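First the structure, in the form of C-alpha cells, and then the observations on it.
Since every read-out is calculated from the coordinates, none of them should be taken as a lab result. Note that the coordinates shown come from a computational prediction; the quantities given were computed from them, not determined experimentally. Cβ coordinates were reconstructed from backbone atoms using ideal geometry, including for glycine residues, and neighbour counts include every protein chain displayed.
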Amino acid sequence: MLVIAHRGASGHAPENTMAAFLRALAMGAPAIELDVHQTLDHQLVVAHDDDLKRCGRDRRRLKNVHWEDVSTLDVGSWFDKDFAGERLPRLEDVYDILPKNVELHVEIKRGSSVYPGIEERVVDLIHKRNASARTLVSSFDHAALYSVRSLDEKIRLGYLMGLTTLQTALREMKDIDAESLNISARQVTARIVKAAHERGRRVLVYTVNTPAERDKLVKLGVDGIFCNYPELNLWR
Ligand code: G3P
Ligand code: CA
C-alpha cells in the first residue's frame, strides 16, 4: 500500500514547508502531498489554508497579496522554535528539490472561481518540469479538475470526494478519467472501495496516522493512505 507524506512529513516539521518535504524525502517517502493556492500576482504558493492565520498569524488572504508580501514570513515557529524562519514555498520550489522517482500529489485548493487561471499555471509548470508521469493533481473543487482535464488529456487526476454522492463521484471520475478516488478515513467503506475498484480507480484515504487505522484500511483493500508520519510504512 502506498504511503503518501501528507503535507510533507507534517508530523515532524511544519506542514507544507521545505523542512517537511525534505524530512519526508529523508525518510524515503515514495510520494508527497501538498496544497496549492495562488497570490494576486499569480504565484503558486504551497499552503493549506487560504490565509496564513494558522502558520504565521497573518490574516490576509493569499489571493489578495503579492508574493513578495508573504515570501519572507516565518511559517515554521508555530510548529516549533527549531523551525523559526521557515518560508512559504512555491510549487516550483518543491519541484526543484523533488527527486524524479517521487510522486507528487498537488491538491489545488480552489480553482479559477477563486484563483483565476490557477489550473493553467499548474498544468504549465508540470509540463515545464517534465513531471506529468510523477504528478497527480487532486481537488475537492471538481470544476477545477474538469478544467485541468480540458487542458491536458493525459494528466493524472485524483478526485477528492468531499460531500459528493458516490454516484456523482463515479460519474464525474469517468468523465474526467480520474485515476483515484481520494476519500476521508471517516467516509470510506467496503462498498465504496469495491465500486471504485470495479471501475479501475485506486482508492486513497486521508488522514491516517496510526498502525491500527492503517491495518483496518489494508483489510478494506485501499491502495494508499495520506499520512503525517511517513514512517508508518514501517511501523508494525
Ligand atoms: O488530499 C488529501 C487531503 O489532504 C485532503 O484534505 O484538508 O488535508 O487538504 P486536507
Ligand atoms: Ca491536502
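Three semi-axes describe the equivalent ellipsoid of the stretch 1-70; taken as square roots of 5 times the Cα gyration tensor eigenvalues and ordered largest first, they are 25, 12, 9 Å. Residues Glu231, Glu153 in ascending order of nearby Cβ atoms (within 10 Å, fewest first): Glu153, Glu231. Here's the picture: charge each Lys and Arg Cβ at +1 and each Asp and Glu Cβ at -1 in the stretch 1-94, and of Val94, Ser10, His42 the one pushed furthest to the positive end of that dipole is Ser10. By the count of neighbouring beta-carbon atoms within 10 Å, fewest first, Met161, Met18, Met27 end up ordered Met27, Met18, Met161.
Over 26 Å, how big is the tail of the calculated P(r) for the stretch 98-216, in percent of all Cα pairs? Present the calculation step by step, with values, prior to reporting the outcome.
Working: 1451 of 7021 pairs.
Counting every Cα pair in the stretch 98-216, those more than 26 Å apart make up 21 percent.
Between the amide H of Leu2 and those of Gly224, Ile225, distances stay under 5 Å, these residues lying 5 or more places away or on another chain, with hydrogens modeled in the peptide plane.
Tell me the mean residue ellipticity at 222 nm calculated for the chain from its helices only (DSSP H runs of n ≥ 4, each -39500 (n - 2.57), averaged over every residue, nearest 500). Working shown, then result.
Values: 9 runs with 75 residues, N = 236.
Result for the chain, helices only: -8500 deg cm²/dmol.
Using DSSP, restrict attention to beta bridges with both residues in the chain and report what percent are antiparallel, rounded to the nearest 5.
Looking only at bridges with both residues in the chain, the antiparallel portion is about 15 percent.
For Lys53, the lysines whose Cα comes closer than 24 Å to its Cα, not counting residues fewer than 8 places off in the same chain, are Lys63, Lys81, Lys109. The Cα center of the stretch 20-36 and the Cα center of the stretch 132-156 differ in position by 21 Å. With the convex hull of its Cα atoms as the shape, the stretch 2-233 has an orientation-averaged projected area of 11.7 nm². Close amide H partners of Asn182, meaning residues 5 or more places away or on another chain with modelled amide H under 5 Å apart, are Tyr159, Leu160, Met161, Leu204.
Each residue in His105, His12, His197 was given a count of other beta-carbon atoms within 10 angstrom of its own, and listing them fewest first yields His197, His12, His105. Rounded to the nearest 20, the Cβ-based charge dipole of the chain about its Cα centre (Lys and Arg +1, Asp and Glu -1) stands at 740 debye. Placing R0 at 45 angstrom, the Cβ-Cβ distance between Asp215 and Asn64 gives a FRET efficiency of 0.50 after rounding to 0.05. Neighbours of Val114, meaning other residues whose beta-carbon lies under 10 angstrom from its beta-carbon, give a summed charge of +2 when Lys and Arg score +1 and Asp and Glu score -1.
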